[in-house]
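One structure is given below, encoded as structure tokens.
Derivation of every value follows stated rules applied to the coordinates shown; laboratory data play no part. Source: prediction; values computed, not measured. Glycine also receives a Cβ, built like all others from the backbone with ideal geometry; neighbour counts cover every protein chain displayed.
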Amino acid sequence: MAGQHYEVLIVGGGNAGISLAARLRRYGVKNVAVVEPGDTHYYQPLFSHIAGGRATASEAVRPQNAVMPEGVNWIRDTAAGIDPANNSVSLASGGQLRYGHLVVCPGLQLDWDKIPGLEDAVHSPAGASHYEFALAAKAWGLLSGLKAGTAVFTMPSGPIKCGGAAQKPMYLACDYWREQGVLQDIRVVMVQPYPTVFGVPGVDEELNRKIAEYGIELRLNSELVSVDAPAQNALIRTATGVAEELHYDVLNAVPPQSAPDWLKDTDLPAPGDPGGFVDVDPQTLRHVRFPNIWSLGDAAATTNSKSGGALRKQTKVLAKNLVAARDGKPLTQKYDGYSVCPFTVSRSSVVFAEFDDQYRPQPTIPKVPTWKESRASWVVDRDIFPKVYWNLILKGRA
């Protein structure tokens, strides 16, 4: 692969990389390649449903070759470094690729080691995490089998994939326990690092109503700081330093997240950014220092809440701007900071949060209160969105 050149080289074959490659092909870009080592493609929004017993694992996966757009070169390797001065990407296998334009979208890595004991805990008999596909089904096994005791759900601070997803299996489990007549025998604790349950007006009120309905103990301004897996004890600490030890029967934890380590070691992040996110203009998605480098999705240093809904809008903006830049034209497309999070607050209803990068409501249909709990939003999230993802988004048509 030494010296092999592509008009557009995309690092990462998840939602961002595949949907962008498909859209670029539709816009007439012929020489496109995607660097992606994995043989399996995941629809991550279903991980919460799997952990809550409302989807099967098989629904969330497809072979990577089945979603790769026609005419796109799939390079089954892992990026190991980027040299912007020479327009080249080095690969873990030792190969090297050259590019005219580079799009960096490898997603996030799960930093289990940032919380002592966490990795051992989620792989122990009493722990799980629906942020890892292999553990999502395990989470439902633990939650559905609990008849009495304490269930602890945690979310870390900092940028993560769809922050609201940390709460979803909790509501699904509570509704299940209520159906089974055991909810009153289970202590449910949600550890949330921020001052409110989510941060969007209207949405917070709906979520707080469901939290009160289920009797959930909400720990605001608090984080998980360590876990003793053999003893099944979780240590949480408030922003003011007050510590509390929780003994759990089931722990479902979301790990801290950051850009991949190899990306942190490149010149692409902003100087001093410990998260390693690609330093792009948050509206045009073009790198602020390297005009032929772009980024979108979870690894981009944009100001929005990271989600698939945000990515869908980013894909259109980046594709059109990249084609314009290739043709020497001005960048006219701007991403507006939109994001979305459907909260599965019961086994048949959803609170649909749509908001901008300031966490202000930004509904797709003006004056329609989609943030109210509804059955219709459940159908959209559980039944319609997966079909749209596999059949339209990954084909660059939505």
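Using a Gaussian network model of the chain in which every pair of alpha carbons under 10 angstrom is joined by a spring, one finds that among Asn233, Asn252, Asn15 the greatest mean-square fluctuation is at Asn233. Think of it as helices only: each DSSP H run of n ≥ 4 in the chain is worth -39500 (n - 2.57), and spread over all residues that comes to -7000 deg cm²/dmol at 222 nm. In units of the rule-of-thumb radius 2.2 N^0.38 Å, the chain shows an alpha carbon radius of gyration of 0.99.
So which trypsin sites (Lys or Arg not before Pro) in segment 122-228 end up in coil per DSSP with only 13 or fewer other C-beta atoms within 10 Å? Walk me through the numbers before you get to the answer.
Values: sites: Lys138, Lys147, Lys161, Arg178, Arg187, Arg209, Lys210, Arg219; in loops: Lys147, Lys161.
Listed in order of number, the matching sites are Lys147.
Cα centroids of segment 157-215 and segment 71-88: how far apart, whole angstrom? So the separation of the two Cα centres works out to 41 Å.
Place a +1 charge on the Cβ of each Lys and Arg in the chain and a -1 charge on the Cβ of each Asp and Glu, then give the dipole magnitude about the Cα centre in debye, rounded to the nearest 20. Mind dumping the intermediate values first?
On the way: 39 positive and 40 negative charges, 346 e Å.
That gives the chain a dipole magnitude of about 1660 debye.
Note on the chain: with a GNM built from Cα contacts shorter than 10 Å, the maximum mean-square fluctuation among Ser129, Ser157, Ser19 falls on Ser157.
Could you state the orientation-averaged shadow area of the convex hull built on the Cα atoms of segment 113-256, in nm² to one decimal? Averaged projected area of segment 113-256's Cα convex hull equals 8.0 nm². Put in line by how crowded their Cβ is, counting other Cβ atoms within 10 Å and starting with the fewest, Ser348, Ser58 read Ser58, Ser348.
If you average the sequence gap of Cα pairs under 8 Å that are 6 or more apart and divide by the length of the chain, what percent do you get for the contact order? Walk me through the numbers before you get to the answer.
Numbers: 895 pairs, mean separation 74.0, N = 398.
Once normalised by length, the contact order is 19 percent.
Could you tell me how many degrees, from 0 to 90 and to the nearest 10, lie between the Cα long axis of helix 203-214 and the main elongation axis, the longest principal axis, of the Cα atoms of the chain? In the chain, helix 203-214 runs at an angle near 40 degrees to the longest axis.
If contacts are Cα pairs under 8 angstrom and at least 6 residues apart, what is the relative contact order of segment 264-398 in percent? If you can, show how the numbers build up before the last one.
Working: 210 pairs, mean separation 20.9, N = 135.
Relative contact order of segment 264-398: 15 percent.
Distance from the Cα centroid of segment 321-398 to that of segment 281-307 is 18 Å (rounded to whole angstrom). Structural descriptor for segment 42-184: relative contact order 26 percent, calculated from alpha carbon pairs under 8 angstrom and at least 6 residues apart.
Between the Cα long axis of helix 308-326 and the first principal axis of the chain there is an angle of about 10°, rounded to the nearest 10. In terms of surrounding Cβ atoms within a 10 Å radius of their Cβ, His130, His287 rank from fewest to most as His287, His130. Relative to the longest principal axis of the Cα atoms of the chain, the long axis of helix 133-145 lies at roughly 10 degrees.
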